[in-house]
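Structure, as structure tokens:
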Amino acid sequence: MSDSQKKVGFISLGCPKALVDSERILTQLKIDGYDIVPTYQDADVVVVNTCGFIDDAKRESLETIGEALHENGKVIVTGCMGGDAEQITSIHPGVLSVTGPQAYEEVVGAVHKYVPQIKTHDPFTDLVPPQGIKLTPRHYAYLKISEGCNHRCTFCIIPSLRGDLVSRPIGDVMEEAERLVKAGVQELLVISQDTSAYGVDTKYRTGFWQGTPIKTRMKELCAALGEFGVWVRLHYVYPYPHVDDIIPMMADGKILPYLDIPFQHGSPSVLKAMKRPAHAENTLERIHKWRAICPDLTLRSTFITGFPGETEQDFEIMLNWLEEAQLDRVGCFKYSAVEGAKANEIDGAVPEEVKQERFERFMEVQSRISAKRLQTKIGKTMEVIIDEVDEEGAIGRTAADAPEIDGLVFLNGETELMPGDLVTAKIFQADEHDLWAELAHPEQ
């Protein structure tokens, strides 16, 4: 690396979808000849990709911008919070540039403007890998299939930040997936704001990949991705009727038996107030049918306690729903009055102490359910993908666990393994979150 080569520091906040945005920006900067560095001191400029989904995320973004300004002085801001530049510049007037989400060209243009690259980029010596710059470990990657969302859930401001649904051409998605697999990725995590709605905006237009016609639709996408022979995990799936068509693929081992479905609540009246899509579907009955077809199916979800107007009866309905659904992995959030959310206009704001009390009761119920479900895995032999190895052993995940948000498998003493290894292990211990295992021998 030449001393004249300009260096960019990069901080990516928020969800996996924002992480993919960061990867695209970094890839272009690398192609343009910039070096990416991990410290404020080494950087000529710092880019902060912000999150503006809830108030806590906004506070973290503002604090991070302030820290970058203090430590470096030259800061470019982008991301969801950047959609309202004034809320950033009013607190941090010293930032060089503010852009909203998906503003890849504007961000790269700002870097060129404030830190011009003097060195001529030589594509033969400064090679960028064909899969681009990734912020995830080498063995897994997020595959974003669309931007935006057509729903208008009253607690959510994503459509105002990222716009309506825009599906990527299926040929582009498949080409990216192929590049990732060829680069050594063993797990593709399919993400979007609404994975089930993929292709709705294009009326499921037929695209082409390797000369073969393929519809821009969730079912066809899953079938095509399943041909790569790697783990394919679906996130942000809404329980539309056509999700039923995906379950047999999971039972046949084409894609992982894992669904991330944000149910958000169990009370019909609260779901109506939330304007949740597919809330009229008999989801409990469908969950039972899914598990009958695919017994190994793992269901992850998120819920909100303390939504405006939520009564004690509503909350009890949600707890009863949770008991019957027996979900494997669940996250819970206390309702946050995000600026711009329609739900803030609903009467019956729930006091903070009640939100907290309900949150704790919810998590107590779900912890018991999770512990019980994980206990059934003891004695089973399962495939485990290794994420990291230290002096104590290896840490990995089963097909039932997504990186960062779900549980782990601890293989104590297995220090010779490498991240990305796929091993067979026998489970011997479990708690409400994680598993402990030992490598399985052929006779096991």
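Residues with amide H under 5 Å of Cys15's amide H, sequence separation 5 or more or different chain, H placed in the peptide plane at 1.01 Å from N; which?
Under 5 Å from the amide H of Cys15 lies no amide H from a residue far enough along the sequence or on another chain.
How large, in Å, is the stretch 190-328 by the Kirkwood hydrodynamic radius built from its alpha-carbon pairs?
Over the stretch 190-328, the inverse of the mean reciprocal pair distance is 16.2 Å.
Could you work out how far the C-alpha centroid of the stretch 187-209 sits from that of the stretch 59-123, in angstrom?
30
Would you mind listing how long the stretch 140-238 runs along its three principal axes, going by Cα atoms, in whole Å with the largest first?
The Cα atoms of the stretch 140-238 stretch 40, 28, 18 Å along their principal axes.
Mean separation of Cα pairs under 8 Å and 6+ residues apart, divided by the residue count of the stretch 7-114: what relative contact order is that in percent?
Across the stretch 7-114, relative contact order equals 26 percent.
Taking one equal scatterer on every alpha-carbon of the stretch 380-439, how large is log10 of I(q)/I(0) by Debye at q = 0.15, 0.16 1/Å?
The Debye formula, applied to the Cα set alone, gives -0.34, -0.39.
Could you list, by residue number, the cysteines of the chain that have no other cysteine's beta carbon within less than 4.7 Å of their beta carbon?
Result for the chain is Cys15, Cys51, Cys80, Cys149, Cys222, Cys294, Cys332, no neighbouring Cys Cβ within the cutoff.
What per residue convex hull volume, in Å³, do the alpha-carbon atoms of the stretch 255-379 yield?
Convex hull of Cα atoms, per residue: 115 Å³.
Just from its helices, what would the mean residue ellipticity at 222 nm be for the chain, if runs of 4 or more DSSP H residues each count -39500 (n - 2.57) and the sum is divided by every residue, rounded to the nearest 500 deg cm²/dmol?
Computed mean residue ellipticity for the chain: -9500 deg cm²/dmol.
What order, most packed first, do the peptides 376-383, 24-31 have when packing is the mean number of other Cβ atoms within 10 Å of each residue?
For the peptides 376-383, 24-31, the packing ranking is 24-31, 376-383.
In the stretch 1-102, what is the count of Lys pairs whose alpha carbons are under 15 Å apart, counting only pairs at least 8 residues apart or on separate chains?
Close lysine pairs found across the stretch 1-102: 4.
Choose one answer from Thr50, Thr154, Thr39: the residue with the largest mean-square fluctuation in a GNM of the chain with alpha-carbon springs under 10 Å.
Among Thr50, Thr154, Thr39, the largest GNM mean-square fluctuation belongs to Thr39.
What lysines could a cross-link reach from Lys275, if we take a straight Cα to Cα line under 19 Å and drop same-chain neighbours fewer than 8 places away?
Lys275 reaches Lys334, Lys342.
In whole angstrom, how far apart do the alpha carbon centroids of the stretch 333-352 and the stretch 230-250 sit?
That distance is 31 Å.
With the radius of gyration and the Kirkwood radius both derived from the Cα set of the stretch 7-114, what is their ratio Rg to Rh?
0.92
Enumerate the calculated ³J(HN,Hα) couplings along the stretch 239-256 in order (Karplus 6.51 cos²θ - 1.76 cosθ + 1.60, θ = phi - 60°), each rounded to whole Hz, writing x wherever the residue is Gly or Pro.
Per-residue couplings from phi come out as x, 5, x, 6, 4, 4, 6, 7, 4, x, 4, 5, 4, 8, x, 6, 10, 5 Hz.
Quick one: which residues, 5+ away or cross-chain, put their amide H under 5 Å from the amide H of Asp421? H built at 1.01 Å from N.
Hits under the 5 Å cutoff: Ile386.
Which of the helices in the chain meet the span-like rule: DSSP H, Cα axial reach of 20 Å or more, Kyte-Doolittle mean at least -1.0?
16-31
Relative contact order for the chain: what is it in percent, counting Cα pairs under 8 Å that are at least 6 residues apart?
Contact order relative to length: 10 percent.
Step through the residues of the stretch 340-348 one at a time and calculate ³J(HN,Hα) from phi using the Karplus curve (6.51 cos²θ - 1.76 cosθ + 1.60, θ = phi - 60°), rounding each to whole Hz and writing x for Gly and Pro.
Values per residue, Gly and Pro as x: x, 7, 4, 4, 5, 8, 6, 5, x Hz.
Under Stokes-Einstein, with the Kirkwood radius over Cα pairs standing in for Rh, what whole-number D in µm²/s applies to the chain at 25 °C and 0.890 mPa s?
After rounding, the answer is 104 µm²/s.
Extent of the stretch 140-376 along each principal axis, from alpha carbon coordinates, in Å, largest to smallest?
Here the spans come out as 57, 43, 30 Å, largest first.
Computed from the coordinates by the stated procedures, all read-outs in this text should not be read as laboratory data. Remember, it's a predicted structure, so these values are computed and weren't measured experimentally. FYI the Cβ positions are ideal-geometry reconstructions off the backbone, even for glycines, and counts take in every protein chain you see.
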